[in-house]
Amino acid sequence: MADADENSLTFDRSMPPAGRLEPVAPLIRRRVAPNGGFFTASGTCTYVVGQDRVAVLDPGPDDPVHIEALLQDLAGERVEAIVVTHTHRDHSPGARLLAARTGAPIVGCGPHRAARALSEAEAPMLDASADRAHAPERIMAEGDSVSGRGWTLVAVETPGHTMNHLAFALPEAQALFSGDHVMAWSTTIVAPPDGAMRAYMDSLDKLRGRDETVYWPGHGGPVCEPARFLRGLAGHRRQREAAIRARLAAGDRRIADIVAAIYQGLDPRLRGAAALSVFAHLEDLVGRGRATCDGAPRLDGTYAPA
């Protein structure tokens, strides 16, 4: 984070390698699943917390090879809890594979749920990414904890990316496992109705009141200055909202037109994600009375200033 402006947002594009378990901090080891891509960086970060009697956080996708490698890494150690931050298919399905091999309970976030019901004629845009088979043995809420020898994981409710999203504090290391809510390499996709921008912003504000000194996210490397990075993320979202409102004032009425205006030079493969982000902001603006839509907010709606 080399920018002189303390409220700036600077991403760390360096990527942890997939394919090996490595210690990254006292009490914390990380193996990156081999599912790298545009939305997953080098892959999903699976974390092992503790030594000998451990927790495994976010075992990743339904990938038997990844789970088998993780079990080989942990030969001679006991998995006491399998902890899941949220129910996207790159994070939670591996929990069931790991539970079947170890007998450890799956704990953490509850079943997948959307921020709202689909409006009339609205398609479930991200249905393929949702892990609807997730059924934890124990659903954790704000302040609930799971602990083992020398470690404690405390749930912090952070809805927005998904509505069941949890982060987990590790007080012994003054660290937070931030899932997909805060990542050093990229902003987070917030896509209605799977997620909601107002909930996401409220969760950012909530984390700004905490004192962890490092975040270990679901993809990419650590967030090493979380207080500063959170200010940057919040400022980035406010700037994006202002840009969308300016395009509405200039006469843009459709999401595709707004995306073309404010995401110039964007890789075409990312246009869908950009459209969903703009949609999330517009849905929030309509809910706050700052914009209007011809009916319930939807991806193909016609929007205008309020």
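Below are the figures for this structure:
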item: Contour excess over end-to-end distance, with Cα ends at residue 72 and residue 102 and 0.36 nm allotted per residue; result: 9.6 nm
item: Protein accessible area in the chain, 1.4 Å probe - carbon and sulfur %; result: 51
item: Structure-derived mean projected area of the Cα convex hull in nm² - corresponding label in [x] 15.3; [y] 17.6; [z] 21.2; result: [x]
item: Relative contact order, percent, segment 45-178 [alpha-carbon distance under 8 Å, six or more residues apart]; result: 22
item: Förster-model FRET efficiency, 51 Å R0, residue 137 and residue 249, C-beta, rounded to 0.05; result: 0.50
item: Rounded to 5, the percent of DSSP beta bridges in the chain classed as antiparallel; result: 65
item: Label-point gap, in nm, between residue 152 and residue 119 - each point 7 angstrom along Cα→Cβ; result: 4.5
item: Cα→Cβ-extended label distance, 7 Å offset, between residue 302 and residue 227, nm; result: 5.0
item: Candidate residues 236, 181: accessible-area rank, largest first, probe 1.4 Å; result: 236, 181
item: Computed [θ] at 222 nm, helices only, for the chain once each DSSP H run of length n ≥ 4 contributes -39500 (n - 2.57); result: -8500 deg cm²/dmol
item: Distance between segment 260-299 and segment 202-231 - C-alpha centres, whole angstrom; result: 25
item: Rounded tilt (10° steps) of 226-250 against the dominant C-alpha axis of the chain; result: 20
item: Helix 271-287 axis, angle to the chain major axis (alpha carbon atoms, nearest 10°); result: 70
item: Projected label distance in nm at residue 186 and residue 144, using a 7 Å step from Cα toward the beta-carbon; result: 3.0
item: Order of exposure, largest accessible area first, which applies to 189, 67 with probe 1.4 Å; result: 189, 67
item: For the chain, accessible area per residue (1.4 Å probe, heavy atoms of protein chains only), Å²; result: 42
item: Helix axis angle, 93-102 relative to the chain longest principal axis, alpha carbon, degrees; result: 10
item: Listed peptides 78-85, 219-226 by packing density, highest first (mean Cβ within 10 Å); result: 78-85, 219-226
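The values are calculated or read from the model by the stated rules, or taken from the named source; none is laboratory data. Predicted, not measured: the structure shown is a model, and the values here were computed from it. Glycine gets a Cβ as well: all are built from the backbone with ideal geometry, and neighbour counts include every protein chain shown. Just the protein is used for accessible areas: all its heavy atoms, side chains included, with ligands, DNA and RNA removed. Shrake-Rupley method; radii C 1.70, N 1.55, O 1.52, S 1.80 Å.
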